[in-house]
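*Asks:* One structure, as structure tokens, below. Some questions next.
Readers should treat all values here as calculations from the given coordinates under stated rules, not as data from a laboratory. This is a predicted model, so every value here is computed, not measured. As a convention, Cβ positions derive from the backbone with ideal geometry for all residues, glycine included, and neighbour counts pool all protein chains shown.
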Amino acid sequence: MNTARLKQVITHPAFISLVMLAVVLIVLPLRFPKYRVRNIDTVYLSPNIYLFYSDLDSDGNSEQISCDVGDEKQTKIIVSRNEKIIKQYNLRFQPKFFRPFWIDDYNSDGYKEIYVFTMNDDSVLLNIIDPLKSKKILVSGRYIDQRRKVTNSVDAPNIVPVRMIRKAGITEKDFLFYIVTGYSLQPRRVYRYIIGEDSLVKSPLSGAVICNIIPNEIDMDQEQGVVLTTLGTGNLDGNFPFSDNYSWLMVLDDSLKFMFPPKPMGLFPSRTQAFSVRMDGKANILAFYDNFGSDTAGNGLYLFDMDGSEIRKKSVSGYEHEVSRIFPGAGSKKETFFFLKDRQTTVEEMDYSFRETKVLKMPEIATGELFIMTDADFDGKQEYFFLGAGRDNLIIVKKDFRHPAVWKHNNYDKIPLITTYYRKGEAPRLFAQFDKTGIFFRYEKNPYYFLKYPVYPVLYGLIYLFVLIIARAQRYRLNLIKEHEKKLVELQMKSIKNQIDPHFTLNVLNAIGSLYSEEGNREKADYIFAKYAKLIRQTVISSDKVIVTIEEELDFVRNYIEIEKFRYGNLFDFSIDIRGGSDLKTRIPRMLIHTFVENAVKYGIRNRAGGGILKIILQKNGSHQSIIIENNGPFLDAGNPSLNGTGKGLIILNDLIGMFQKLENIRITYNVETISDEAPESQVTRAVILVPCM
């Protein structure tokens, strides 16, 4: 493509519009998320009241469960339907946290139970309520484990429900949960409560800090082991079993015994995150070891078999310590997992050979910790909830980390309790409980999502139209400039022609020639010729100008008058009076003074038999400078030419004044008046030009 063709292409409005569209999309990217979060309603709650919603009898309508912890010695559980109380249940003691609140149906009879953990000074207790079928407390104050207090900390056991699990061939499900402590050190165990038998199974005594158990699809209906995520914090003595001086790879069987001796992955501070995966039809363990201290040699991704033998390892770097996490693949048939690398948030999808298959992005988060996993859009698949970077919002994302949505709830640094709300005839919604408020909201498909397809051509069309309008306006402006330039050239030529009239030139040269022919007039001829030469030189030098200073114009006019005086045999006298305050550097149109002077000489003074006088006065009057040209005799008016005149000089002058106003934004006016009413040859005429002071 030659240069001319290339210039034609890149200056075409279509190409310019395409470039502008690209810039707009980079600076202000259009976002049409597939899912959105929409607030429905806000309720205000009394202090110490916590609300939960659940469809306890599977009739399509949620019941309200109110927990009142205003009394330090007990917890009041009130179950309501349609704002009518069904029953109140009083439990001894209180929950330390409301995370250990669980709702499920253990015996598959269509009625859900409420599971609430409470604590007294030395014990962790489990309570199970059947609020609708029997309307009884099935389990009251069931002892789970000892609560240990330390003098230098208020640390309390954190009880985390995991899920309900069942053995093959058995209808009733068991309740799986774990307890973790910080400075109080114990208990740190996994528990399986067999509800129908009122029996409790505990994992072995351990100092390992359990920070998560990630359920995976492959072990929901069959036993594939309970895989723990552990944290090395360095609070326990190294002789304690499975001390927290290390983070451990730990897997428990259905009896909560170790499937293989726990493997110490590395010293504190560190985390070993792990969950079960299925590869080639076999269960395996995927792990991510992250030491966020100085000993980072072992940091990486690991794959183990169910006997704890290492299959493969890949060292990793370039991730954000303490934030990074791994997550199971979106489905059991897809042998991939997700590696969340930083807060920004880069998510790599990898296969079990640790090869990257895809890189995904989602909104920035505050921490990689997953605080809740629930079916937010009620499609039968769970979504992940993360705390957003501003700490006043939640990031909701599919389990394949696609289609993220941001919910800005404006409760800074608060992690809400989220339950589901159903009402027949209405779309389901979520309920988030904060300190004193509750928010109903929906995570749903964005109805404007498909606008992303037509919006780009529409936006391009609007930009193209805008560019066309600008191009046409620019073309119009250029045409105006060309017209002005053309007008300027025409006026320049006219002004030159008008100033150096051929008859004037011939007459002057003839007169000078006559003087040279007489021996006694040669000195006078030289003087007049010098004046004429200066006049010609000024005309040539300023031939490209339509604007001059008053000083330049007066200099030209003085030479012109002296030559005309010579031509007419000293028929008249003239004077130029420059009074105080006058600014000779003021810019004016060329010919402004000369035109009036020429008319005064040709049509006024020349017609007087007895000669006359020509006066030019320059003075300042307030905000204007006045230029006064006064002469004996009549004056030629451009609108009414007489006395053998055509008025073309004044017509040209008017055009110059108009052009001067466009170029300089200064409006010059003039007025011609006759002072006496005598005969034309005896009249006194005055032209007054007003030039604004700048």
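*Asks:* Rank-order 387-393, 104-110 by packing density, defined as the average count of other C-beta atoms within 10 Å over each peptide's residues, highest first.
*Replies:* 387-393, 104-110
*Asks:* For the chain, what is the calculated [θ] at 222 nm in deg cm²/dmol (nearest 500), taking -39500 (n - 2.57) for each run of four or more DSSP H residues and dividing by its residue count?
*Replies:* Helices in the chain give a 222 nm mean residue ellipticity of -7500 deg cm²/dmol.
*Asks:* Based on the mean of other Cβ atoms within 10 Å per residue, sort peptides 155-164, 2-11, 83-92 so the most packed one is first.
*Replies:* For the peptides 155-164, 2-11, 83-92, the packing ranking is 155-164, 83-92, 2-11.
*Asks:* FRET efficiency for ASN621 and LEU509, Cβ-Cβ distance as r, R0 = 35 Å, nearest 0.05?
*Replies:* 0.30
*Asks:* Estimate the FRET efficiency between THR151 and LEU18 by the formula 1/(1 + (r/R0)^6), using the beta-carbon distance for r and 60 Å for R0, to the nearest 0.05.
*Replies:* For R0 = 60 Å, the calculated efficiency reads 0.25.
*Asks:* Ok, one more. Mind running the shape call on region 565-625? Use the C-alpha gyration tensor, a ≥ b ≥ c as the square roots of the eigenvalues: rounded below 1.5 for a/c, prolate if a/b tops b/c, oblate otherwise.
*Replies:* Taking the square roots of the gyration eigenvalues as a ≥ b ≥ c, region 565-625 is prolate.
*Asks:* Now, a different point. What is the Cα centroid distance between region 438-461 and region 168-195, reported in whole angstrom?
*Replies:* 44 Å
*Asks:* Normalised by the residues of the chain, what does the relative contact order come to in percent, with Cα pairs under 8 Å and at least six apart?
*Replies:* Over the chain, the number comes to 8 percent.
*Asks:* Turning to a different aspect of this structure: With a 10 Å radius around each residue's Cβ, average the other Cβ atoms per peptide and rank 428-436, 524-532, highest first.
*Replies:* So the order, starting with the most tightly packed, is 428-436, 524-532.
*Asks:* Measure out, as a whole number of angstrom, how far apart the alpha-carbon centroids of region 286-338 and region 28-70 sit.
*Replies:* 35 Å
*Asks:* Quick one: compute the contact order of region 155-287, relative version, from alpha carbon pairs under 8 angstrom and 6+ residues apart, as a percent.
*Replies:* For region 155-287, the relative contact order is 19 percent.
*Asks:* Taking the Cα-to-Cβ direction at ASP237 and at ARG166 and moving 7 Å from each Cα, how far apart do the two end points lie in nm?
*Replies:* 4.6 nm
*Asks:* Give me, ordered by chain and number, the residues 5 or more places off VAL162 or on other chains with an amide H under 5 Å from its own placed amide H.
*Replies:* Correct list: LEU176, PHE177, TYR178.
*Asks:* Something else: Normalise the Cα radius of gyration of the chain by 2.2 N^0.38 Å (N = residues in it) and let me know the number.
*Replies:* Against the empirical 2.2 N^0.38 Å value, I get 1.86 for the chain.
*Asks:* Which chymotrypsin sites (Phe, Trp or Tyr not before Pro) in region 244-287 sit in a loop by DSSP (not H, G, I, E or B) and have at most 14 other Cβ atoms within 10 Å of their own Cβ?
*Replies:* Counting only loop positions with at most 14 other Cβ atoms within 10 Å, none of the chymotrypsin sites (Phe, Trp or Tyr not before Pro) in region 244-287 qualifies.
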